[in-house]
Amino acid sequence: MCLHGSPATYRAFHTMFEPLTAAGFRLILPNLPGMGYTDIDKNKVFNFSHQHKVKLIEGLIKELKLQRIEMVIGHSLGGHLAGHVAANNDIFKSVGFLCGPGVTMHYKNWLVPNYLYLQHIKLVGLLLNFGVNIPIVGNVILYVVKVAYKQIGLMGKTPISNVYSIREASQMDFKQFHEDIKDLRKRKVPVLQIYCEDDEFIKPNISLEVGRILGMGEGNTIRYNPQGERCNLQGITDDQLHRVVVFEEGGHRPHWKWTDRKSVV
């Protein structure tokens, strides 16, 4: 099961479709509401919160009558969702974090306490979500957010999905994710973490936080240089439940550039 980030859709994993299905895997790629393929319910009960997304995934599993999922992998913001469903459902046998967020904020403002900074982000998310429904004002918000996202290399399938993504990001629960990671380690759930040193959104120190909680070090790590060649020669043995793959280059989407690097798993 592949869980996309925000703003994004199942197409975030498009380079993985052919190689994984050719290897005999069945892929399940949910499209979360508001991102362009799945509409929000008419009464707008869905609020992009962590809790609502978890309910959707668990409901999908029940509807499809799934008994076992070999891996749930979350890209970017989808990492928090993947970590939580894996920590709370035995149906998932392993979890992957692909350029996912950590247990602390991506960008810290040293002049403002984290709590107040998070409250500020949440307020912005609520105001944008409210303002986008106001005539004229909504069009301005859609345009400004679209331009801003384009500048930083993000682009949702629809203009409104960009605004929704801000609302979604404003509700990230770092404390809960921290607990989920500790629970995954306690329950000995295999974890594969993949990140890039040149990721423009998730800095390496953020990814390393997750690795430290899981007890991972160089012995659990395989590194690739800018040419996609292995940098370290030591292998990862089968008794290591938690593993890391680090690319020097690949940005926020290494699975687009290095799709064929599969020897580690």
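Of everything in segment 182-221 that's assigned to a helix (DSSP H, G or I) and within 14 Å of the chain's Cα centre (by Cα), which residue is nearest to N88 (Cα to Cα)?
Only one residue tops the list, namely V210.
Identify all residues within segment 1-34 that are open to solvent by less than 20 Å² (accessible area, probe 1.4 Å), of a type in the set (A, V, I, L, M, F, W, C) and in contact with a Phe, Trp or Tyr (Cβ under 7 Å, 6 or more places away or on another chain); write none if there are none.
Listed by number, the list holds a single entry, C2.
Would you confirm whether any residue within segment 191-207 is touching a Cys at 6+ places or on another chain (Cβ under 9 Å), within 17 Å of C99 (Cβ to Cβ) and exposed (fewer than 15 other Cβ atoms within 10 Å of the Cβ)?
Yes, segment 191-207 contains at least one residue that is touching a Cys at 6+ places or on another chain (Cβ under 9 Å), within 17 Å of C99 (Cβ to Cβ) and exposed (fewer than 15 other Cβ atoms within 10 Å of the Cβ).
Before we move on, is I181 open to solvent by less than 50 Å² (accessible area, probe 1.4 Å), touching a residue at least 60 places away in the same chain (Cβ under 8 Å) and closer than 25 Å to A86 by Cα?
When the stated conditions are applied, I181 passes them.
Among residues belonging to segment 84-131 that are charged (D, E, K, R) and loosely packed, with under 13 Cβ neighbours inside 10 Å, point out the one that is modelled with the highest pLDDT.
Here the answer is D90.
Considering K53, K62, which residue is in a helix (DSSP H, G or I) and within 14 Å of L77 (Cβ to Cβ)?
Residue meeting the stated conditions: K53.
The values are calculated or read from the model by the stated rules, or taken from the named source; none is laboratory data. Note that this is a predicted model, so its numbers are computed, not measured. Neighbour counts are summed over all protein chains in view; Cβ atoms, including those assigned to glycine, are modelled from backbone coordinates with ideal geometry. The accessibility values were calculated without ligands, DNA or RNA, using every heavy atom of the protein model including side chains. Shrake-Rupley method; radii C 1.70, N 1.55, O 1.52, S 1.80 Å.
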